[in-house]
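Visitor: Have a look at this one.
Taken together, the values in this text are just the output of simple stated rules run on the coordinates, not laboratory data. What you see is a predicted model; the values in this text were computed from it and never measured. For neighbour counting, all protein chains shown are included, and Cβ atoms are generated from backbone atoms with ideal geometry for every residue, glycine included.
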Amino acid sequence: MDLLMLIKAIILGFVEGLTEFAPVSSTGHMIIVDDMWLKSETFLTAHGANTFKVVIQLGSILAVVVTFKDRFIDLLGLGRLTKKTVNKQSRLKLTQVIVGLVPAGVLGVLFNDYIDDHLFSTKTVLVGLVIGAIFMILADLMGPKHPSTQTVDQVTYKQAFMVGLFQCFSLWPGFSRSGSTISGGVLMGMSHRAAADFTFIMAVPIMAGASFLSLLKNWEFMTVDALPIFIAGFISAFIFALISIRFFLKLINKIKLLPFAIYRIVLALIIYLFFLS
């Protein structure tokens, strides 16, 4: 196995893990890195773009499961949370998570092929980065100063469904799943931390489901020769996602969305001016 290919896999795993749950678009960053930097025999194309992307996303999903393990155990009815939760009626319910998944899940199934064929390019990512950044800024400006929903256990069914609708924006590469859902949650009266927690929990089933379907479609790329690349990317994504999630959750209520929005706009301008103009 080519050492350079392993290094590229680790780099892309790093990009995926660091950006999957920050509101900056992991898919957009992976497309930009692959297209701008690793473009000599495009790495993702050469080794099964969808398959590699799915495998390293599974690393990020595992990081969320590890971070929220008690929460997922409770959602599945297999255990109890800590004493911080007063009673079971006040906890986030699995049905609320499912309600949040429906809108983007339906649209994703209907338009998956079109999105893969027409929207995975650096130019479309730049559009998503900028528009998504504007949406995030508006959420910070227009969201209530004193949110009624301070924790994820206070999320209502209406809020869950509305966040699910906002998640549909993330089907456009570059818009960002967490950017759209956290912004939507803030606009619906949730604190930034509550919206982030709900976003991460909701991401696991929708990403796992999408990953399963994509693996079935692209199973031929899971060859023995490619396995070291997938393993390296998976481990890299898991480690950096674990670090990124914990760092992000500690800061999100303090810094909110504006710094990420500024980063997205600056990144889009740099890519446009130095690579596309």
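Visitor: Can you compute log10 of I(q)/I(0) for the stretch 202-277 with the Debye formula, treating each Cα as one identical point scatterer, at q = 0.13 Å⁻¹?
Guide: Once normalised to I(0) and log-transformed, intensities are -0.74.
Visitor: Can you spot the aspartates and glutamates whose alpha carbon is less than 17 Å from Lys123's alpha carbon? Ignore those fewer than 8 places along the same chain.
Guide: Here the aspartates and glutamates satisfying the reach criterion relative to Lys123 are Asp34, Asp35.
Visitor: What are the aspartates and glutamates whose alpha-carbon lies under 15 Å from the alpha-carbon of Lys250, with same-chain residues fewer than 8 places away excluded?
Guide: Partners within reach: Asp197.
Visitor: Which net charge results for the neighbourhood of Arg71, defined as the other residues with beta-carbon distances under 10 angstrom from its beta-carbon, given Lys and Arg at +1 and Asp and Glu at -1?
Guide: -2
Visitor: Apply the a/c threshold of 1.5 to the C-alpha gyration tensor of the stretch 98-207 and tell me whether it is rounded, prolate or oblate.
Guide: oblate
Visitor: Using the Cα centre as the reference, give the magnitude of the dipole from point charges on the C-beta atoms of the stretch 3-276 (Lys, Arg: +1; Asp, Glu: -1; all else neutral), rounded to the nearest 20 debye.
Guide: With only Lys, Arg, Asp and Glu charged at Cβ, the dipole is about 1280 debye.
Visitor: Around Gly132, what is the net charge, scoring Lys/Arg as +1 and Asp/Glu as -1 over all other residues with Cβ under 11 Å from its Cβ?
Guide: Net charge in that neighbourhood comes out at +2.
Visitor: Here are several values of Rg and Dmax of the Cα atoms in Å: (i) 20.8, 74; (ii) 17.7, 54; (iii) 18.3, 58. Which one was derived from the coordinates shown?
Guide: After the calculation, the listed value that fits is (iii).
Visitor: So which of Lys93/Lys145; Lys158/Lys254; Lys217/Lys254 end up more than 32 Å apart, counting from Cα to Cα?
Guide: Working: Lys93/Lys145 26 Å; Lys158/Lys254 26 Å; Lys217/Lys254 42 Å.
Beyond 32 Å between Cα atoms: Lys217/Lys254.
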